[in-house]
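K.L.:
Supplied in structure tokens, the structure appears directly below.
Rule-based calculations on the coordinates, nothing more; no lab input. It should be emphasised that the depicted structure is a prediction, and the values quoted were computed from it without experimental measurement. Cβ coordinates were reconstructed from backbone atoms using ideal geometry, including for glycine residues, and neighbour counts include every protein chain displayed.
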Amino acid sequence: MIFKEEILPDFAHQLFDDSEKVLKFIADVKWEGGFVCRKCGHTNYCDGKTPFSRRCTRCKKEESAAANTIFHNIKFPINKAFYIAYNVCVLGNDLSSYNYSDQLGLNQMTCWKFRKRIQNCMLKIENNKNVPIQTILMSEIK
Ligand SMILES: [Zn+2]
């Protein structure tokens, strides 16, 4: 195991099947310390258009739960992305992109790219033995 197992297996398994639960989880982690608008710094928000997104009540800028996290702009179901992230980060199961492709019914290149994204984030974090998976999930993709 590479990362501290802060997401218990039972909970992780619930997330594998349910994209809304993954979004809620990401939103909970992301805005744990409260919402701050990235555009204007305002801290009041209302619900946005997509599940668990938040909209600044001052400048109206909306931010999805996945924006600016490792799940930024992915084009496949986020619960499947979470499955790959959990396997790579927590279980240390270094399955090939072909395995993920088979298991998840996704294009192999899609799996390869997302796995690479996670690995790049892991490389950027030094001494990554005890980093919670949440830190990886919240890594900003540039
Ligand atoms: Zn704002």
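K.L.:
Once the cut-off is 15 Å, how many percent of the Cα-Cα pairs in the range 79-123 end up in the long-distance tail?
P.N.:
Beyond 15 Å sits 29 percent of the P(r) for the range 79-123.
K.L.:
Would you kindly state how much longer the chain becomes between ARG58 and LYS24 on full extension, computed as 0.36 nm times their sequence separation minus their alpha carbon distance, in nm to one decimal?
P.N.:
Extra length from ARG58 to LYS24 when fully extended: 9.9 nm.
K.L.:
Considering the zone a paramagnetic label at ASN107 would reach in this model (a point 7 Å from Cα along the Cα-to-Cβ line), which residues of the range 53-87 have amide N under 11 Å from it?
P.N.:
Those under the cut-off are 75-76.
K.L.:
At 222 nm, what value in deg cm²/dmol follows for the chain if DSSP H runs of at least 4 each add -39500 (n - 2.57) and the sum is divided by all its residues, to the nearest 500?
P.N.:
Helix contribution divided over all residues of the chain: -12000 deg cm²/dmol.
K.L.:
What is the dipole size for the range 51-128, taken about its Cα centre, with +1 at each Lys and Arg Cβ and -1 at each Asp and Glu Cβ, in debye to the nearest 20? Don't jump to the answer; show the numbers that get you there.
P.N.:
Working: 12 positive and 5 negative charges, 100 e Å.
Taking the Cα centre of the range 51-128 as origin, the dipole is about 480 debye.
K.L.:
Let me ask you something else. So how long is each side of the range 1-101 along the principal axes, counting just the alpha-carbon atoms, biggest first, in Å?
P.N.:
Ordered largest first, the range 1-101 gives principal extents of 45, 27, 20 Å.
K.L.:
So if I average 1/r over every pair of distinct C-alpha atoms in the range 43-142 and take the inverse, what Kirkwood radius in Å does that give?
P.N.:
For the range 43-142, inverting the mean 1/r across all distinct Cα pairs yields 14.7 Å.
K.L.:
Now a separate question. Find the relative contact order for the chain and round it to a whole percent, using C-alpha pairs within less than 8 Å whose residues are 6+ positions apart. Walk me through the numbers before you get to the answer.
P.N.:
Working: 182 pairs, mean separation 43.8, N = 142.
Normalised by residue count, the contact order of the chain is 31 percent.
K.L.:
For helix 19-30, report the angle its Cα long axis makes with the longest principal axis of the Cα atoms of the chain; keep it between 0 and 90° and round to the nearest 10°.
P.N.:
70
K.L.:
Take peptides 112-124, 75-87 and line them up by average Cβ neighbours within 10 Å, highest first, as a rough protection proxy.
P.N.:
Packing proxy ranking, top to bottom: 75-87, 112-124.
K.L.:
Checking the table LYS80/LYS113; LYS75/LYS116; LYS24/LYS60 against a 18 Å threshold on Cα-Cα, which pairs fail?
P.N.:
Values: LYS80/LYS113 13 Å; LYS75/LYS116 15 Å; LYS24/LYS60 21 Å.
From the list (LYS80/LYS113; LYS75/LYS116; LYS24/LYS60), the Cα-Cα distance tops 18 Å for LYS24/LYS60.
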